[in-house]
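Each remark here refers to the structure printed beneath this line.
The values are calculated or read from the model by the stated rules, or taken from the named source; none is laboratory data. Every value quoted in this text rests on a predicted model; they were computed, and no experiment measured them. No Cβ is skipped: glycine too gets one built from the backbone with ideal geometry, and neighbour counts run over all protein chains shown. Accessible surface areas use protein heavy atoms only, side chains included; no ligands, DNA or RNA. Shrake-Rupley method; radii C 1.70, N 1.55, O 1.52, S 1.80 Å.
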Amino acid sequence: MQTDLSKQTANSLFKLSVENRDRLAKRLETAVKRARRSGEETLATIALRLPGDVDPSAVVCASRRENEPWFAFEQPDRGKAALAALGQAVRLSGAGRERFAKVADRWRGLAAAAVGDPLAVGGFAFAPEGGSSPVWEGFEPASMIVPEVALRRAAGAGGDEPEVKLTMAALMAGDDTVEDALQRLEGRLEELQERALPLLDPAPAGRYRVASAMPPEHYEAAVERATALIREGKLEKIVLAREVEAHAPQKHDPAAILGVLREAFPACFCFCVGRADATLIAASPELLVRREGHRVSTLALASSTRRSADPAVDDYLGEQLLRDESYREEHAIVARRIERTLRDHAVWVAAAPEPELVKIANIQHLATPIRAQLAAPIDVLELADLMHPTPAVGGEPRDVAGPLIPALEGLDRGWYAGPVGWTDATGDGELCVALRCALLRGPVARCYAGNGIVRDSRPEAELAETEVKLQALLPLLAG
C-alpha cells in the first residue's frame with residue numbers, strides 16, 4: 001500500500017511518520033516470518049509518495065555513499081520519466097549464455113515471495129562473458145540490483161503534476177530483527193539530500209588528452225576485412241566499435257555530466273550506472289524493449305548521418321539518409337530480425353511500413369517503431385534475452401557475427417551495447433541499449449562508438465561516422 005509524504009514539511013521530506021514506521025515494521029516482521037518458514041531470505045518494501053517536484057536523479061547524486069552501487073535512468077521527453085536508486089538490498093548476478101535466464105529466475109522468486117512491490121535496476125554486458133578485462137572491473141556480465149532506496153517519477157494523468165514515489169527495501173533472514181532493519185533504513189533516509197545537480201565547469205583548468213585505444217587505421221582495416229567477409233557471403237551485416245580515451249587533469253564528475261546530457265538529449269535515455277569507483281554514463285537513443293503488461297514496444301534504430309546548423313543542409317542530409325539504398329538495407333536487416341523474434345511470441349506485431357528520421361542533438365538516424373501484443377506472459381528480462389543483441393549492435397546472422405566482433409575490434413566491449421534498465425515485480429520494465437556511452441574511472445573516460453558494416457561500407461566513411469557519434473560525450477570529457 002502506498003502512503004503519503006507530500007504533506008510533510010520540506011525539512012522532514014524523507015522522514016518516516018509514526019504511521020509509516022509502524023507500517024514498515026509490520027512488513028519487515030512479515031518478511032522475517034516468511035523467511036523462517038521458507039528458509040529463504042525475503043524482501044520487504046514500502047512505497048511513499050513525495051511531492052511531484054522532487055528530482056530523483058538529483059537526490060541520488062547528492063546522497064550516494066562512496067563506492068556504493070547507484071543508478072539513474074531518465075528519458076526527459078517522455079513525461080520526465082525518471083528512476084534513480086541507491087545502495088544494495090540484493091544483488092542478482094550471472095555470466096555466460098544463460099546470464100539473462102539466471103537473473104530472471106532469481107528475480108521472479110524474490111519478487112513472488114516479497115512483502116510489497118520491489119524493483120531491480122542494472123544491466124548486462126554485450127557478450128556472455130563481457131567485462132572480464134580490468135577496465136570493466138565491477139561490471140559483471142549480468143548485474144541487477146534491488147536498491148535500498150529508489151525514487152521513481154512518472155507523468156501525471158491528464159497533464160497533472162508528475163508523481164514521485166520513494167521505495168525502500170530490505171532483505172530479511174529468519175534470524176534478523178525488525179528494529180535493526182528499521183534503524184538501518186531510517187538512517188538511510190536521514191542521509192538523503194535534495195540538492196540540484198552540480199554544474200559542469202565551463203572552463204576547466206589543466207591539460208586534457210584524447211587518444212584512440214587503437215590507431216584509427218586499425219578500425220579502417222577491420223571494416224575492410226568485414227566487407228570482404230560480407231561479399232564472400234559469410235554474413236549480411238556486422239557492427240564494429242572503437243574506443244577513445246579522454247584523460248582529464250581531475251576526476252570526471254558523473255552527476256555534472258548527467259545534468260548536461262539530460263538537457264542536451266531529452267529524447268534519449270540518459271543514465272548512470274555506478275559500480276565501486278566507476279560509472280557508466282550515456283545518452284542512448286535506442287530502446288531495446290519496454291513491457292507494459294502484454295504490450296511490448298521496441299525500436300529498430302540503424303543507419304545515421306550528421307546534423308547541420310543550417311536547416312536546409314540538415315534536411316538534405318536527412319533526405320539523403322532516407323533515400324540511400326545501402327543505409328536502408330542496413331536498417332531493414334535490423335527491423336526484420338526484431339519482427340521475426342517478436343512474431344514467435346506475439347498475437348500480432350506492428351511496424352511502420354517505412355523508416356522515419358529521428359533527430360537528436362548531433363546526429364540523425366533511421367528508425368522504425370515496433371509494437372507487439374504478447375500471446376503469453378514473458379517478463380522484460382526474458383524479452384531482452386530473446387532480442388539481444390539486435391543487428392543494430394551485433395550482426396546478422398547473429399551466431400556468425402558474435403565471435404567475429406571481438407576478433408575484428410580487438411577490445412572488450414563490457415557493457416557497451418548491452419541492455420541497461422529496470423524491472424518491477426510484475427515483470428514490466430524497460431531496457432535501452434548502452435550507446436553513446438563512456439566508462440568513467442577517476443580522470444579517465446573511455447568512450448565507445450560503433451557502426452553497422454554492410455557490403456558497400458567504406459572504411460574512411462565509417463571511421464568518420466564514429467567520430468560523429470563520439471561527439472555526444474567527448475566534448476564534455478575532453479575539456
| remark: Across (1) within 21 Å of the chain's Cα centre (by Cα); (2) of a type outside the set (A, V, I, L, M, F, W, C); (3) open to solvent by less than 40 Å² (accessible area, probe 1.4 Å); (4) farther than 30 Å from residue 477 by Cβ, residue 295 clears everything bar (3)
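Restricting to segment 439-460, what's the tally of residues that are of a type in the set (A, V, I, L, M, F, W, C) and part of a loop (DSSP other than H, G, I, E, B)? Explain how you work it out, then say what you get.
Taking segment 439-460 as the starting set, the residues that turn out to be of a type in the set (A, V, I, L, M, F, W, C) are 439-440, 444-445, 447, 449, 453-454.
Next cut, part of a loop (DSSP other than H, G, I, E, B) only: 454.
Selection size over segment 439-460: 1.
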| field | Lone qualifier among 261, 199, 288 - being surrounded by 15 or more Cβ atoms within 10 Å (Cβ to Cβ), touching a residue at least 12 places away in the same chain (Cβ under 8 Å) and over 30 Å from residue 375 (Cβ atoms) | value | 261
| request: Could you list all residues from segment 378-412 that are part of a helix (DSSP H, G or I), among the small types (Gly, Ala, Ser) and closer than 22 Å to residue 233 by Cβ? | output: 401, 402, 407
| query | Mind checking which residues of segment 222-258 are open to solvent by 20 Å² or more (accessible area, probe 1.4 Å) and either under 22 Å from residue 447 (Cα atoms) or in contact with an Asp or Glu (Cβ under 6 Å, 6 or more places away or on another chain) (or both)? | reply | 236, 243, 245, 247, 249, 250, 251, 252, 253
| remark: The number of residues in segment 51-71 that are more than 21 Å from residue 442 (Cβ to Cβ), among the charged types (D, E, K, R) and surrounded by fewer than 20 Cβ atoms within 10 Å (Cβ to Cβ) is 1
| Among the candidates 477, 473, 404, 440, which residue alone is buried (at least 20 other Cβ atoms within 10 Å of the Cβ), at pLDDT 95 or above and either in contact with a strand residue (DSSP E or B) (Cβ under 9 Å, 6 or more places away or on another chain) or on the phi < 0 side of the Ramachandran plot (or both)? | 440
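What tally of residues in segment 443-455 results from selecting those that are among the hydrophobic types (A, V, I, L, M, F, W, C) and either open to solvent by 20 Å² or more (accessible area, probe 1.4 Å) or within 27 Å of residue 328 (Cβ to Cβ) (or both)?
Our first condition is that a residue be among the hydrophobic types (A, V, I, L, M, F, W, C); within segment 443-455, this holds for 444-445, 447, 449, 453-454.
Subsequent filtering for residues that are either open to solvent by 20 Å² or more (accessible area, probe 1.4 Å) or within 27 Å of residue 328 (Cβ to Cβ) (or both) retains 444, 449, 453-454.
Adding up the residues that qualify gives 4.
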| query | With segment 229-295 as the region, which strands (runs of 3 or more DSSP E) entirely inside it contain at least 2 residues that are modelled with pLDDT of 95 or more and under 16 Å from residue 72 (Cβ atoms)? | reply | 269-275, 278-284
| request: Any residue in segment 32-52 that's among the β-branched types (Val, Ile, Thr): show its pairings with residues that are assigned to a strand (DSSP E or B) and at pLDDT below 95 at Cβ separation under 6 Å, as long as the two are six or more apart or on different chains. | output: none
| Name the pairs whose Cβ atoms lie under 6 Å apart, with the first residue in segment 77-98 and closer than 20 Å to residue 153 by Cα, the second small (Gly, Ala, Ser) and open to solvent by 10 Å² or more (accessible area, probe 1.4 Å), and 6 or more positions between them or separate chains? | 77/267; 79/155
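Looking at 138, 131, 116, 94, which one is small (Gly, Ala, Ser), in contact with a strand residue (DSSP E or B) (Cβ under 7 Å, 6 or more places away or on another chain) and open to solvent by less than 20 Å² (accessible area, probe 1.4 Å)?
Exactly one of 138, 131, 116, 94 is small (Gly, Ala, Ser), in contact with a strand residue (DSSP E or B) (Cβ under 7 Å, 6 or more places away or on another chain) and open to solvent by less than 20 Å² (accessible area, probe 1.4 Å), namely 94.
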| message | Condition first: part of a strand (DSSP E or B), open to solvent by less than 80 Å² (accessible area, probe 1.4 Å) and more than 21 Å from residue 469 (Cβ to Cβ). Now tell me which residues in segment 299-350 satisfy that. | response | 346, 349, 350
